[in-house]
Amino acid sequence: MSFFKRLKESISSKTEAVTNAFKEGLTKTRTAFVEKVEELITRRKKIDEEFYEELEEILIGADVGVNTVMQLIEELRIEVKKRKIENAADLQPILSEKLVDLLKSEEKTGLQMAPSGMTVILFVGVNGVGKTTTIGKLAHKFKSEGKKVLLAAGDTFRAGAIEQLEVWGQRVGVDVIKQQSG
């Protein structure tokens, strides 16, 4: 077998492994999100202000984004009034439809990259909200788009933070800049 054929197969198998790891991670996220929404709909039969507030929390917790959540909740309120929906279970297909519409939206929102040169993205937030996981997912996305990606560990006080970022760097196949913890 030629060198290039072996190299291609090696790269192909590593790419498949990384892709499978991301798919598995996204499956867990999707399952948790769907379960929370279904539990909310089962527990709160009536659509009231508390229902909207809990739905808002679930969506924000799923990293949907505050502006998007506010827009989605407002659209749901309009649909509920327009269709005179009272039962939360009747809202589930509409919620699904609205979420799919958001994902299919061609409107450019959110992260804008510099057209040329370097783009630096700084993540700030409280512990346990998914910053490092999001960094890993974005690194994978950008690398798969052919961009050069470099991660830098800035959270030097949380135990395991640097190591966690290193794991994501290895999974994605990008370099990580770091120094000792503390």
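Return yes or no: is residue 46 in contact with a strand residue (DSSP E or B) (Cβ under 8 Å, 6 or more places away or on another chain), open to solvent by 50 Å² or more (accessible area, probe 1.4 Å) and modelled with pLDDT under 90?
yes
Look at residue 101 and say whether it is closer than 17 Å to residue 55 by Cβ, charged (D, E, K, R) and at pLDDT below 90.
Judged against the criteria, residue 101 is a match.
Using the structure shown, decide if residue 90 is of a type in the set (Asp, Glu) and in contact with a Lys or Arg (Cβ under 9 Å, 6 or more places away or on another chain).
yes
Determine, yes or no, whether residue 178 is at pLDDT 90 or above and over 21 Å from the mean Cα position of the chain (by Cα).
No: the conditions fail for residue 178.
Which numbered condition in (1) surrounded by 13 or more Cβ atoms within 10 Å (Cβ to Cβ); (2) at pLDDT below 75 is the only one that residue 33 fails?
For residue 33, the exception is condition (2).
Just checking: which of the helices (runs of 4 or more DSSP H) contained wholly in segment 49-139 hold 1 or more residues that are in contact with a strand residue (DSSP E or B) (Cβ under 9 Å, 6 or more places away or on another chain) and open to solvent by less than 40 Å² (accessible area, probe 1.4 Å)?
It comes to 88-104.
Mind checking which residues of segment 144-172 are touching a Gly at 6+ places or on another chain (Cβ under 7 Å) and not in a loop (DSSP other than H, G, I, E, B)?
Matches in segment 144-172: 151, 168, 171, 172.
I'd like to know if segment 134-149 contains one or more residues that are among the aliphatic types (A, V, I, L, M) and under 22 Å from residue 39 (Cβ atoms). Before the answer, list the steps.
Initial filter on segment 134-149 (among the aliphatic types (A, V, I, L, M)): 135, 138-139, 149.
Of the ones still in play, those that are also under 22 Å from residue 39 (Cβ atoms) are none.
Within segment 134-149, none of the residues are among the aliphatic types (A, V, I, L, M) and under 22 Å from residue 39 (Cβ atoms).
When residues of segment 82-97 are filtered for being in contact with a helix residue (DSSP H, G or I) (Cβ under 6 Å, 6 or more places away or on another chain) and of a type outside the set (A, V, I, L, M, F, W, C), how many remain?
The total comes to 1.
The values are calculated or read from the model by the stated rules, or taken from the named source; none is laboratory data. Since we're looking at a predicted model, the values are computed, not measured. Using ideal geometry, Cβ is built from the backbone for each residue, glycine included, and neighbour counts are taken over all protein chains shown. The protein model used for the area step is the full one, side chains on, heavy atoms only, and it has no ligands, DNA or RNA in it. Shrake-Rupley method; radii C 1.70, N 1.55, O 1.52, S 1.80 Å.
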